[in-house]
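Reviewing the structure listed below.
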Amino acid sequence: MKIVSVVGARPNFMKIAPLVASIKKHNSNNTGKPIEHILVHTGQHYDVRLSESFFQDLNIPQPDINLEIGSGSHAEQVGLTMIAFEKVLREHKPDWVIVLGDVNATLACSVTAKKENIRCCHVEAGLRSGDMTMPEEINRLVTDRLSDLLLTPDRISGDNLRKEGVPEEKIRFVGNIMIDTLEANRERAANINIQDIVQKNSIKNEEKPGSQNQVSGPYALMTMHRPSNVDHKEVLEPLVNLLLEEVAGRMPLIWPIHPRAIKQIKTYNLWEKALTHPNLVLLHPLGYHDMLRLNMDAEIMLTDSGGLQEECCVLGTPCLTLRWNTERPVTLREHGGASVLVGNNVDRIRDEFRKTLANGAVPSTPELWDGHTADRIVELFAGEFYA
Ligand code: UD1
């Protein structure tokens with residue numbers, strides 16, 4: 001059986017790593033049902049820090065094919081990916097295409113696969129924010145509508161699909177594949193020294209040599225890159241002011257900053273203020289293990305990333321989710337998780353920040369977030385879906 005799987009952007013890389021390892025393990029067991037696996041990278045994320053470092057750190061083999069799509073508008077990214085991926089499918093004629101998550105590669109490659117009459121499997125199916133202004137929600141909806149096999153990370157996602165009329169035989173509850181990666185890498189991350197992470201990745205060291213960059217004692221950790229938070233001055237400026245005054249006013253605030261956020265902060269003339277704040281520790285985007293290490297010991301996380309929300313849930317790090325909705329309700333406090341939705345209203349963030357600091361870490365492991373999701377997926381392909 002031949003499978004083509006597709007990755008495109010950072011959150012895909014930690015999801016493909018366990019699948020690659022599990023297929024390799026399956027093939028070495030000589031079950032008589034070999035799986036030929038071709039890994040395609042669309043090239044949406046191309047920076048070393050957003051892409052290559054994850055391949056190295058997570059032992060993902062170099063992609064067999066890189067479509068080198070790069071940056072662009074959504075239509076450009078999706079269109080160019082479809083044109084290039086169609087050629088890959090015509091040449092390699094796989095039995096299945098596997099797409100992951102909700103990035104532009106997920107949408108582009110699921111549509112292309114179905115147009116070529118190739119079966120498509122979506123890993124992380126059924127997540128719904130209900131927010132059609134999020135590009136990721138559109139990607140999820142289209143991909144799930146087209147896919148032949150929908151692998152869900154939690155029971156809520158399965159129920160979402162049933163409500164949309166997806167037939168039962170297409171849905172399988174396999175758990176959260178990203179947690180496979182977390183469990184496999186916990187120990188290695190725990191041995192990293194936090195001050196080393198700060199020194200190695202500091203933006204201040206490059207732009208303002210000699211400035212303070214010490215993190216000793218409790219710290220807060222944040223990430224922010226969603227267009228809804230960073231693209232508009234009237235949202236971004238009060239957010240940055242609040243983070244500097246309220247959060248960095250109390251403890252070091254470590255911010256590994258995404259290229260989109262840097263670009264916008266510079267555009268709105270907030271960069272100098274951020275760079276010179278003594279308690280704001282601005283870092284380049286971090287490798288997987290460094291980010292996991294910082295998350296393990298953070299007093300509190302502030303983020304608009306869905307993946308970090310899930311990692312906070314398992315690690316127990318109290319998490320203020322800088323969004324008004326989430327496609328991952330299983331990570332919320334009302335479901336036993338560590339996260340609370342605060343949107344981008346500064347009064348609400350301030351209020352929850354103060355309240356949440358009083359809470360300690362409360363780890364919670366949703367059903368089947370057990371580190372064995374990739375093995376369950378490979379069992380499906382080696383069993384009832386073997387072609
Ligand atoms: C993408 C995903 C999002 C995910 C995020 C994680 C989609 C629709 N969005 O958003 O779900 O949470 O990745 O990082 O697929 N850029 C670089 N270097 C790179 C890649 C991008 O500098 O390697 C710049 C681009 O020029 C662009 C900005 O970063 O200005 C945003 O990149 P883009 O790929 O459009 O989407 P993300 O915001 O990263």
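The values are calculated or read from the model by the stated rules, or taken from the named source; none is laboratory data. Not measured: the values here are computed from a predicted model. Quick reminder, even Gly has a Cβ in these numbers, built from the backbone with ideal geometry, and neighbours come from all protein chains shown.
In this entry, residue 311 passes the filter for residues that are assigned to a helix (DSSP H, G or I) and either within 17 Å of residue 224 (Cα to Cα) or among the hydroxyl-bearing types (Ser, Thr, Tyr) (or both). Only one of the numbered conditions (1) touching a residue at least 12 places away in the same chain (Cβ under 8 Å); (2) over 28 Å from residue 296 (Cα atoms); (3) out of contact with any Lys or Arg (no Cβ under 9 Å at 6 or more places or on another chain) is not met by residue 147, and that is (3).
Return yes when residue 125 is crowded, with 16+ Cβ neighbours inside 10 Å, within 16 Å of the ligand (Cβ to nearest atom) and touching a residue at least 60 places away in the same chain (Cβ under 8 Å) and no when it is not. No. Residue-level check: of (1) within 17 Å of residue 242 (Cβ to Cβ); (2) in the same structural domain as residue 135 (by TED's automatic domain parsing); (3) of a type in the set (A, V, I, L, M, F, W, C), residue 374 misses just (1). Only one of the listed residues (301, 296, 291) is at pLDDT 95 or above, outside the structural domain of residue 156 (by TED's automatic domain parsing) and in contact with a Cys (Cβ under 6 Å, 6 or more places away or on another chain). That residue is 301. Count of region 31-59 residues, restricted to those that are crowded, with 21+ Cβ neighbours inside 10 Å and in a helix (DSSP H, G or I), is 2. Among the residues of region 32-56, those that are out of contact with any Leu (no Cβ under 9 Å at 6 or more places or on another chain) and more than 16 Å from the ligand (Cβ to nearest atom) comprise 32, 33, 34, 35, 36, 38, 39.
Within region 297-320, residues that are over 13 Å from residue 362 (Cα atoms) sit with their Cβ atoms under 7 Å from residues that are within 16 Å of the ligand (Cβ to nearest atom) and of a type in the set (Asp, Glu), at 6+ positions apart or across chains, in these pairs: 306/327.
Beta carbons closer than 7 Å, at least 6 apart along the sequence or on distinct chains, pair a first residue in region 102-120 that is more than 16 Å from the ligand (Cβ to nearest atom) with a second that is polar (S, T, N, Q) for 120/110; 120/147.
In this structure, residue 162 does not qualify as crowded, with 24+ Cβ neighbours inside 10 Å and part of a helix (DSSP H, G or I). Within region 319-341, the residues that satisfy the criterion of being surrounded by fewer than 23 Cβ atoms within 10 Å (Cβ to Cβ) and either part of a helix (DSSP H, G or I) or of a type in the set (Val, Ile, Thr) (or both) are 326, 329, 333, 334, 335, 340. Residue 13 meets all of the listed conditions (1) in a helix (DSSP H, G or I); (2) surrounded by 15 or more Cβ atoms within 10 Å (Cβ to Cβ); (3) away from the ligand (no atom under 16 Å from the Cβ) but one, namely (3). The helices (runs of 4 or more DSSP H) falling completely within region 188-271 that include 2 or more residues that are assigned by TED's automatic domain parsing to the domain that holds residue 323 and more than 16 Å from the ligand (Cβ to nearest atom) map to 194-201, 204-207, 233-242.
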